[in-house]
Amino acid sequence: MSDQLAPAHRHTRLLRWGVPAGVLVVALAVPASGRVLSASAAPSLPPRTPAQLLADLQTARVDGMSGTVVQHSDLGLPQLPGLGTSSTGSSSLTSLVSGTHTMRVWYSGPDRARLALLGTLGESDVVLNHRDLWIWSSDQKTAQHHRLPAGTKDAQKRGKHPELPTTPQAAADRALAAITPTTEVSTAANATVAGRSAYELVIAPKDPRSLVHEVRVAIDSATHVPLRFRAFATGHSAPAFEVGFTQVSFQRPGDDQFRFTPPPGTKVTEATTGTAPATTDKTPRGAQPTVVGTGWTAVVLGTAPAMPSATGSRAGGPDVGRMLASLPRVHGTWGSGRLLTSSLFSVLLTDDGRVVAGAVSPELLYAAAAK
Amino acid sequence: MSAVEAVAPVRATSRPRRVVSTRFLRSELRLVFGRLRNLAVLAVLAGVPILIAVAVRLSSPDSGEGPAFLSSITDNGLFVSLAAMTVVLPLFLPLAVAVVSGDAVAGEANLGTLRYLLTVPVRRSRLLAVKYTAVVAFCFAATLVVGLVGAAIGLALFPAGPVTLLSGTTVGSAEASWRILLCALYIGACMAALGAVGMFVSTLTEYPVAAMASTAVLAVTSQVLDALPQLSAIHPYLLSHWWLAYGDLLRDPMSSTGPLHGLGSAAAYIAVFGALAWARFAGRDVSS
Amino acid sequence: MTATARAGSVAARSTDPARTGSGDAIRTEGRTKRFRSGQVAVDRIDLVVPRGSVYGFLGPNGSGKTTTIRMLLGLITPTAGSHSMLGEPMPRAAADVLPRVGALVEGPAFHPHLSGRRNLARLDAADRTSDPRTATTRIGTALERVGLTAAAGKRYRAYSLGMRQRLGIAAALLQPRDLLVLDEPTNGLDPQGTREVRGLVESLAHGGTTVLLSSHLLSEVDQVCTHVGVMHVGRLVSQGTIEDLRTAAVPRVHVRTSRPDDAAAVLRRLGVPAPTVHSGEVVADLGPFEPEALLRELVLADVPVREFRVDTADLEDVFVALTGEGFDVSG
Ligand SMILES: Nc1ncnc2c1ncn2[C@@H]1O[C@H](COP(=O)(O)OP(=O)(O)OP(=O)(O)O)[C@@H](O)[C@H]1O
Ligand SMILES: [Mg+2]
């Protein structure tokens, strides 16, 4: 009976709970709106053809720039025991294969560059200053010093990690290198990246057997510097690999950024080799690899000299052994082995020590292995 | 009781005038910081840097092992602050904040003092604001106690040599000190967000221990979820996700990306859980 | 239902609009509290506490006294109805009204690790209308009035039950009040303390403060109250001045005799309703009968009457009549 008298009071109670609900919506909307605004507002720019953009890319060089780069991979790799938890923000350079990573980059001409991979409470820096190349790890408190021979040009910065491009510029360069008659180049709606308006160049393989659906490069409208690189796998709407600036400045950074003095108490290793350092790429190479096929569906065949057994040999550490053991076993007319698949590439490790890899489905790898 | 000599009270005839004053807040601060249990919590927190400093002094570890910053202590005593803050951040600090914030409303409800505060009268929103301000004060006090005791014992036992930042650059003690102070303030702000969650939980129950335990469990759960890579989509929204972002303050040049995200996240948590606490408490029956 | 019917007659005064209105210290209309458990703890009560009165709020355990007081003070949200205090609508005007209201709700509650004085200082600090310059004096006076000056520095944890109760009353007296709401103020007090509280209430009432005094101790109400309201299972079954209540009480006849059964038989024959016999005494409601006629009939029937007495029932009996005699609590 007293219930009939209550609705007004119940009404205010509902209204009261509406306040935190509203606050929650606002709290979620504020950061999202920033993202939506920057993503949806397609800036109007004078039209440029794909060919012009390609030319722009090749000629684009700035005196200096700095910024924050976020790299994100969602390669659909199997949960591998050796890969560790990437999301905890490890600052180790080998952790780039999966998850999200934040880097700060400074660039002041081809002989001055610095890249800092940010970990939560650590940092790995690669600092190039003329002929001095320093690699610093705060976790290990170690520094490697390389004295480069005179005359080596810019490629050092990305030389140490050939598989994964770490800056949009490097990524775009590699994509351009792949452009052949097998490729279709077009443009998409203009984008805003790191607060700057940019053209979007779309590079897509013609061969439908490629795992790569398309590659999109956002090119800064003023400086023609690539601001974002995204690789989309066939059948996925979110990019499998993405690297782009979240914040960028085209001011030439001060010289201080490139000066590195090992702090006291640091273990310093002097590298005597005159070539670009193989810092993290410790896998010993076998015979020269051969390439089967062309363009986007090319398959690389190589040999792995000390193939760790499935039970885990010491070659490459116990982690690699465990990691390999967790891969699914496959066999066919070409023999048998283990297969690593991801949304963007596949790798076949045969029991007789061959490595077959490509941005293709496993069937093409099997065909290549059978030759 | 001197009933005989109790003269007739002066009747308050006009409406009483309300003034804005910090008396209640000061009384609340005295209550929080005068309470033996809370002082014991602060003492335990202060013990962590002392323990770390003494242990390092006695054993002088060689390298890399143990929590971040530990190996740098022998270079500069100020690193005791950072090492201690890093050690207390996952558990001790959240526990301390859970104790105080969980007690905020539930403690008064449990004692029955809540009904007397409300009949004074104290408006419920004002009570929450004062309680939360005291919780925030405790969050910063707890973090600063760890930092300051760490700096003091560190400088007492170790030299004040150059401080190596995460980027490998070395800076002097003065620069390091204020960067460490910034770290402490940042962690304090993160804890204030946990305090808001704790205070909301505290309005849900009349049992302070239940509120404290739930808040602590929430803090730990958030960190567990943050460690699961499968849940990376929700990580940025987790309470504890940005706690370690104070690392950005120790880079060269200092980066504000992480801490600004962290402060934004903390502000969002404070707003949402503050509003939740208000919605819950404003209409709640106080029948303890 | 007889109780409610009777309440109607007693409460007639309170429903007379000419004599109430904004002159009442407390006035509720249809105030109802239904807890989430579904229990209706207070059911449509129309409480009227005139200004300047000492209102005894009576009721057995669980009858809804404390629940009503909580609603009055805005501690719990009423399910229905409305009420005003000191002439202002509640709970809307709570910020203006409550500083003029001193309250003791369901026993004292303080921080155990603080002294009595510090506890009072905390409550005073929370009051935005209180003057910090006079705080020390006011706290001292309040402590003195409840006889706690000597124990003021002791931790509340170390207080005895009676000392705690006294501190609770002191908290209600921190400011000059227009209205005091005291829920069982003498609970746990020694006889001396009970008498002191009574004196205190009288002196406060003398000074013009309206006092609402909840109790199940009738003697308390009997001696200090000017008005009485009786709660029973969530309903206000009776309300009015203490005289109204007394007159509403039915006179009873007591017959002391060596042959109580015969006496009871005689009374029954005459039509006196339900005479009861305990320990040599026959008690019955007098009803419309003349006491003289009854005595004559008893004597004529050879009942040896040792004592024949008619009394208007004291409040105790009225209370029991209104709320039933069972030991079990209601609710
Ligand atoms: N928070 C609550 N939730 C549910 N029921 C409650 C609550 N508080 C009180 N009640 C119920 O309401 C009824 C009235 O309780 P109340 O405390 O008002 O009685 P009272 O008259 O003050 O009794 P006493 O003389 O024992 O103090 C009781 O039946 C009680 O069980
Ligand atoms: Mg009661």
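Per-residue ellipticity at 222 nm, computed for chain B from helices alone with -39500 (n - 2.57) per DSSP H run of at least four residues, works out to -22000 deg cm²/dmol.
The percentage of C-alpha pairs in region B:132-259 whose separation is greater than 23 Å is 45%. Shown in residue order for region B:213-230 are the 3J(HN,Hα) couplings computed by the Karplus curve 6.51 cos²θ - 1.76 cosθ + 1.60 at θ = phi - 60°: 4, 4, 4, 4, 4, 4, 5, 5, 4, 4, 6, 5, 4, 5, 8, 8, x, 5 Hz (x for Gly and Pro).
If R0 equals 25 Å, the separation of the Cβ atoms of C:GLU290 and C:VAL320 corresponds to a calculated FRET efficiency of about 0.45.
Under the combined filter of DSSP loop state and at most 16 neighbouring Cβ atoms within 10 Å, region C:31-106 retains these chymotrypsin sites (Phe, Trp or Tyr not before Pro): C:PHE35. Evaluated on region C:232-279, the Kirkwood hydrodynamic radius is 13.5 Å, with distances taken between all distinct Cα atoms.
Here the peptides A:351-358, A:111-118 are ranked by packing, the mean other Cβ count within 10 Å, and the order with the highest first is A:111-118, A:351-358.
Comparing region C:250-312 with the 2.2 N^0.38 Å rule of thumb, its C-alpha radius of gyration ratio is 0.94 (two decimals). Scalar couplings 3J(HN,Hα) for region A:103-119, obtained by applying the Karplus form with A = 6.51, B = -1.76, C = 1.60 to θ = phi - 60°, are 10, 10, 10, 10, 9, 9, x, x, 9, 9, 8, 9, 10, 10, 8, 8, x Hz; x denotes Gly and Pro. Once you reduce region C:123-172 and region B:213-288 to the center of their Cα atoms, the two points are 42 Å from each other. Projecting label points 7 angstrom from Cα along Cα→Cβ for B:TYR237 and C:ARG246 puts them 7.2 nm apart. Computed over neighbours whose Cβ is under 14 Å from that of B:THR133, the net charge equals +4, Lys and Arg +1, Asp and Glu -1. For chain C, what is the Kirkwood hydrodynamic radius in Å, using each pair of distinct C-alpha atoms? Evaluated on chain C, it is 21.8 Å.
Amide H contacts for C:VAL42 (H built 1.01 Å from N in the peptide plane; partners 5 or more residues away or on another chain; cut-off under 5 Å): C:LYS33. Placing unit charges on the Cβ atoms of the charged side chains and taking the dipole of chain C about its Cα centre, the candidate lying farthest along the positive direction among C:LEU47, C:ALA109, C:PRO275 is C:ALA109. Phi angles of region A:48-64 translate, via the Karplus equation with coefficients 6.51, -1.76, 1.60 and θ = phi - 60°, into HN-Hα couplings of 9, 7, x, 5, 4, 4, 4, 5, 3, 4, 6, 9, 5, 9, 10, 5, x Hz per residue; Gly and Pro are given as x. Were the residues from A:ALA325 through A:ASP207 laid out at 0.36 nm apart, the gain over their Cα-Cα distance would be 39.2 nm.
Packing here is the average count of other Cβ atoms within 10 Å per residue, and on that basis the peptides B:259-265, B:37-43, highest first, run B:259-265, B:37-43. When only alpha carbons are used to place a centre, region A:193-266 and region C:297-311 end up 115 Å from one another. Adding -39500 (n - 2.57) for every DSSP H run of four residues or longer, then dividing by how many residues chain C holds, sets the calculated 222 nm ellipticity at -10000 deg cm²/dmol. Note on region B:68-215: Kirkwood hydrodynamic radius from all Cα pairs is 16.6 Å, rounded to one decimal. Pairwise Cα distances in region B:22-282 exceed 28 Å for 37 percent of all pairs. For region A:321-371, what is the relative contact order in percent, using Cα pairs closer than 8 Å and at least 6 residues apart in sequence? Relative contact order for region A:321-371 comes out at 26 percent. Here's the picture: a label point sits 7 Å out from the Cα of C:GLU307 along the beta-carbon direction, and within region C:248-291 the residues with their amide nitrogen under 14 Å of it are C:253-258, C:278-283.
About its Cα centre, chain C has a charge dipole of approximately 1580 debye under the convention of +1 per Lys or Arg Cβ and -1 per Asp or Glu Cβ, with nothing else charged. Residues whose amide H comes within less than 5 Å of that of C:MET85, counting only those at least five positions distant or on another chain, are C:MET90 (H built at 1.01 Å from N in the peptide plane). Across region C:2-243, C-alpha contacts under 8 Å between residues 6 or more apart give a mean separation that, scaled by the residue count, equals a relative contact order of 30 percent. The C:ARG268 and B:SER125 beta-carbon pair, evaluated with R₀ = 56 Å, returns a calculated FRET efficiency of approximately 0.25. For A:ILE219, the residues 5 or more places off, or on other chains, whose built amide H falls under 5 Å of its own are A:TYR199, A:GLU200, A:LEU201, A:LEU227. Give the residues of region A:102-121 whose amide nitrogen is closer than 14 Å to a point set 7 Å from the Cα of A:LYS267 in the direction of its Cβ. What the label zone holds, given the 14 Å backbone N cut-off, is no residue at all.
Largest first, the extents of the alpha carbon coordinates of region B:109-179 on the three principal axes equal 58, 24, 16 Å.
Against chain C, whose longest principal axis is taken from its Cα atoms, helix C:116-126 shows a tilt of about 70°.
Here, each number is a calculation from the coordinates, and none is a lab measurement. Bear in mind the structure is a predicted one, so any value in this text is a computation, not a measurement. Here Cβ is always computed from backbone atoms with ideal geometry, including for glycine, and neighbour counts include all displayed protein chains.
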